[in-house]
1. Can you spot a residue in the stretch 64-87 that is within 18 Å of Arg34 (Cβ to Cβ) and open to solvent by 50 Å² or more (accessible area, probe 1.4 Å)?
2. Looking at this structure, is Phe109 of a type outside the set (A, V, I, L, M) and in contact with a helix residue (DSSP H, G or I) (Cβ under 8 Å, 6 or more places away or on another chain)?
3. Kindly provide the set of residues from the stretch 42-63 that are open to solvent by less than 30 Å² (accessible area, probe 1.4 Å), part of a helix (DSSP H, G or I) and free of Cβ contacts under 8 Å to residues at least 40 places away in the same chain, ordered by number.
4. What pairs come up if the first residue lies in the stretch 118-134 and is closer than 15 Å to Ala67 by Cα, the second is β-branched (Val, Ile, Thr) and open to solvent by 80 Å² or more (accessible area, probe 1.4 Å), and their beta carbons are under 9 Å apart, counting only those six or more places apart or on different chains?
5. Can you pull out the residues in the stretch 94-133 that are part of a helix (DSSP H, G or I), open to solvent by 60 Å² or more (accessible area, probe 1.4 Å) and closer than 17 Å to Leu40 by Cα?
Amino acid sequence: MGSVSTMEIAGQPRPMVDVQGSTMHRKREHVQKRPLGITLLGIFMLVGGIFCVCAGISETPAGILGAVVSGIPAVVIHFLHAGVSFYIFTGFLKLKKNAWTVYMIFFAFGITNNLITIMSSGSVNQLATVVLMCLFGYYVHGKKELFVN
């Protein structure tokens, strides 16, 4: 026996009616919802990227692995940091696996950079930053299965 289908109504699954009168609905693809925490971290990455662009434009010195650089190298570091931040932002909004990987590498580099700063300066000013970064990294690591290509 054949099926008779009706027109699709905006956004509704199209009902399929067979000759015997029972109604079947075509299954829609299950879309994974992005958690609010991932969205917020993506927004933080966007804001951080904007600050890095501002720092690069104003030629603010950059600290990297315990060294402070200024001039053109600092501008390049700030713009690279901004580019990575923007990439992670867009990847988090689209739940891209590559963005998860880049974030975890970025996270590890940030932790290393802050720990070297703490050890070289003898000051614990960066300790709160390290703790916060660890919490964010742990959260994103736990959401790994949501990120697909």
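The values are calculated or read from the model by the stated rules, or taken from the named source; none is laboratory data. Treat the numbers as computed from the prediction; the structure is a model and nothing was measured. Using ideal geometry, Cβ is built from the backbone for each residue, glycine included, and neighbour counts are taken over all protein chains shown. The accessibility values were calculated without ligands, DNA or RNA, using every heavy atom of the protein model including side chains. Shrake-Rupley method; radii C 1.70, N 1.55, O 1.52, S 1.80 Å.
1. Yes, the conditions are met somewhere in the stretch 64-87.
2. Answer is no for this residue.
3. From the stretch 42-63, those open to solvent by less than 30 Å² (accessible area, probe 1.4 Å) are 42, 45, 48-49, 52, 55-56, 62; that's our starting set.
Applying the additional criterion that residues be part of a helix (DSSP H, G or I) yields 42, 45, 48-49, 52, 55-56.
Within the stretch 42-63, Gly48, Cys52, Ala55, Gly56 meet the criteria.
4. Partner pairs satisfying both residue conditions: Ile118/Val124.
5. Listed by number, the residues that qualify are Lys94, Leu132.
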